[in-house]
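Peer 1: Here it is, the structure, as structure tokens.
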Amino acid sequence: MAGRIKSVLITGAQGFLGRHLVWRMMTDDQDLEVIGIGRSQQSHTFTHDVHWGSRRVRAPLPHYLEEACLPSRYRYFSIDLANGPTLTELLRDIHPEVVVHLASGLYGADPHLLFRTNVEGTISLLRALGEAEIPLTMFIFGSTGGVYGSIRPQALPIDEGTPCCPLDLYAVSKLSAEHVTRVLGDRYSIPVVVARIFNLVGPGLQEQHVCARLAAQCAAISERAMPARLTVGELDTTRDLIDVRDAAAALATLATDAAPGTVYNVGNGREVRVRDILTTLLQLSGLEETIRIERLRRAPSPVRRHCAAVERLRKLGFNAEHNVTASLRDLLDYYRHDVARLAG
Ligand SMILES: NC(=O)c1ccc[n+]([C@@H]2O[C@H](COP(=O)([O-])OP(=O)(O)OC[C@H]3O[C@@H](n4cnc5c(N)ncnc54)[C@H](OP(=O)(O)O)[C@@H]3O)[C@@H](O)[C@H]2O)c1
């Protein structure tokens, strides 16, 4: 990517993936100007909370990300996507060449908030780009693999041509925003790309995701910060896990090399069972023999199995660097060290 673009705007820049993308972009290209926006004030944390035992704290940054906040060529602005006029003003001022749109309401959020942030927020951003008449080389919309919904086992792995049938309102809002991106991209002559991101894993992951829920408990139990009783949900569902650092590298590749008008799966191309995630985390934390596991009775996930076909992304030269065990180890260490230190 080095030298091929001069400036990039990242929305949701203080979020889990946003922080990693800022870091990736700044590491890849020493001359690139990186601008971030989000609603929160500039901080040295993520925008979500995590737990250490029963203590709740604002999620700290892993050490490698702390450095990415500082350099003078990174600028952050606290702006709500809903604020169109301020966005237009900022865009006229900063003139980005590429926009990576990651700001989002996540799975489980209030439905009205999901549609306000994901659909109306995307309209607001694209209209601001149109009004500011910014000649972008690329607009990347951060979508989700959840838009595909439940897929017949014979149709796995899921390629980008698979019909979408989202099964929850988060995924419905993201699919709607994909269409908004296509239509307004066309109206304002903005080259757009959709990145359908599968399940992220790595340091800083929110506990609403199964890997972090399990890692947070394993870390706290192994350090005696909570009783040796671990709660788990379903174990036989499968997901495609991609390390957040790899997902950030994939987005950086798309920023310069993607074909406009194209959808790209951003995943690992491997199907991983929740049961195997649990076994790995127990092994890594030395808890296999000592722990009591309690199954929570929850309504089963309507999406039983998920796995992305990633040939389209690989054809751009992208290859993931982290395997699942390494990502889980880093996630566990994040809780044991960064979260424990802050909560301690
Ligand atoms: N995590 C995953 O496993 C996963 C999987 C598939 C796809 N994705 C997609 O990847 C993207 C990033 O996800 P993430 O896990 O990094 O989520 P995240 O940590 O919640 O980041 C999203 C950010 O969006 C910002 N935001 C929300 N509403 C906003 C608004 N109205 N105006 C401006 N900023 C707003 C929030 O920051 P402020 O509080 O500062 O506003 C938040 O930090 C999302 O588009 C998500 O749908 C994530």
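The values are calculated or read from the model by the stated rules, or taken from the named source; none is laboratory data. Treat the numbers as computed from the prediction; the structure is a model and nothing was measured. Note: ideal-geometry Cβ built from the backbone for every residue, glycine included; neighbour counts use all protein chains shown.
Peer 1: Looking only at residues in the stretch 201-239 that are among the basic types (K, R) and in contact (Cβ under 8 Å) with a residue 40 or more places away in the chain, which one is nearest to the ligand (Cβ to nearest atom)? Reasoning before the result, please.
Peer 2: So in the stretch 201-239, the residues among the basic types (K, R) come out as 213, 224, 229, 239.
Still in the list and also in contact (Cβ under 8 Å) with a residue 40 or more places away in the chain: 229, 239.
Working: R229: 26, R239: 9 Å.
The selected residue is R239.
Peer 1: Can you work out which of the residues in the stretch 14-37 that are within 14 Å of V98 (Cα to Cα) and within 14 Å of the chain's Cα centre (by Cα) is surrounded by the fewest Cβ atoms within 10 Å (Cβ to Cβ)?
Peer 2: Among those that are within 14 Å of V98 (Cα to Cα) and within 14 Å of the chain's Cα centre (by Cα), it is V22.
Peer 1: I need every pair where a residue in the stretch 167-178 that is β-branched (V, I, T) has its Cβ under 8 Å from the Cβ of a residue that is surrounded by fewer than 23 Cβ atoms within 10 Å (Cβ to Cβ) and modelled with pLDDT of 95 or more, sequence separation at least 6 or different chains.
Peer 2: V172/P166
Peer 1: Among the candidates A155, A128, single out the residue that is surrounded by fewer than 17 Cβ atoms within 10 Å (Cβ to Cβ) and aliphatic (A, V, I, L, M).
Peer 2: Numbers: A128 fails: surrounded by fewer than 17 Cβ atoms within 10 Å (Cβ to Cβ).
On inspection, the qualifying residue turns out to be A155.
Peer 1: Another one. With a cut-off of at least 3 residues that are more than 10 Å from the ligand (Cβ to nearest atom) and closer than 23 Å to S189 by Cβ, name the helices (runs of 4 or more DSSP H) lying wholly within the stretch 81-178.
Peer 2: Details: elements: 84-94, 111-114, 121-132.
Correct list: 84-94, 121-132.
Peer 1: Does the stretch 300-322 include one or more residues that are closer than 27 Å to A252 by Cβ, without any contact (Cβ under 8 Å) to a residue 40 or more places away in the chain, among the charged types (D, E, K, R) and part of a loop (DSSP other than H, G, I, E, B)?
Peer 2: Checked the stretch 300-322: at least one residue is closer than 27 Å to A252 by Cβ, without any contact (Cβ under 8 Å) to a residue 40 or more places away in the chain, among the charged types (D, E, K, R) and part of a loop (DSSP other than H, G, I, E, B).
Peer 1: If you don't mind, another one. Which members of the stretch 190-211 meet the condition of being surrounded by fewer than 24 Cβ atoms within 10 Å (Cβ to Cβ) and either over 30 Å from L136 (Cα atoms) or modelled with pLDDT under 95 (or both)?
Peer 2: Q206, E207, Q208, H209, V210
Peer 1: Please verify whether S40 is within 13 Å of the ligand (Cβ to nearest atom), more than 30 Å from I221 (Cα to Cα) and over 18 Å from the mean Cα position of the chain (by Cα), treating the condition exactly as stated. Can you show your working first?
Peer 2: Numbers: within 13 Å of the ligand (Cβ to nearest atom): yes; more than 30 Å from I221 (Cα to Cα): yes; over 18 Å from the mean Cα position of the chain (by Cα): no.
Taking the combined requirement at face value, the residue does not satisfy it.
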